[in-house]
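Heads up: the structure comes next, in structure tokens.
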Amino acid sequence: MAELSMMRLLVTGASGLVGRAVVGAFAQPGCRVRTAVRHPAEPPFAPGVEVVQHPDLAQSFDWAPLLDGVDRIVHLAGIAHTAGVADELYDRINRQATAELAAAAAHAGIRQLVFVSSIRAQSGPTADHALTERDPPAPTDTYGRSKLAAEAAVRGAGVPFTILRPVLLYGPGMKGNFASLLRAARSPWRYPS
């Protein structure tokens with residue numbers, strides 16, 4: 001726990017479902033947390049959490065000012081499954097922005113970059129067996145391919161890293177199809193079986 005008290009952490013995508021949980025877990029005395037967001041968070045983060053706004057990841061920008069005084073990064077920012085998004089935008093936001101951050105992190109001497117990728121970098125929406133680290137990645141869509149390419153960029157950047165491939169995550173404030181499913185399940189309406 002002594003090392004935690006000296007941590008200076010940057011969380012990208014901090015206003016999202018997972019980002020808020022990460023910020024909440026680390027926003028404690030002795031741990032400096034800087035959040036990187038496109039828009040001010042609603043509700044605001046806890047007092048003492050530094051908020052830095054950055055441009056949309058669809059455009060390049062200088063990550064160095066966000067990394068000043070930071071020794072670790074949790075990178076959550078990206079674009080997920082969104083209808084009508086061009087393949088180039090997935091690549092720009094998920095791969096290229098991650099590559100730029102990883103290169104800046106290596107240049108800044110960051111001690112650890114945690115990149116939260118996706119199970120979709122490993123597989124399509126289903127698999128015919130339990131996946132393990134021995135299975136070669138086989139993404140089936142643009143989103144998954146962009147996340148796999150981002151992982152390669154992190155590995156090649158020269159910064160100490162950890163890559164996580166979570167499956168569907170849910171909790172308070174979630175969006176998307178799973179949130180719709182939970183709303184339907186809570187509904188008093190009966191559905192045909």
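Throughout, read-outs are computed from the coordinates displayed, never taken from laboratory work. Note that this is a predicted model, so its numbers are computed, not measured.
Helix 177-186 and the long axis of the chain differ in direction by around 60°, with both axes built from C-alpha atoms. Between the Cα long axis of helix 97-108 and the first principal axis of the chain there is an angle of about 20°, rounded to the nearest 10.
Rg to Rh ratio, region 4-186, alpha-carbon atoms and Kirkwood radius? Before the final figure, lay out each step's value.
Values: Rg = 16.5 Å, Rh = 17.1 Å.
The Rg/Rh ratio comes out at 0.96.
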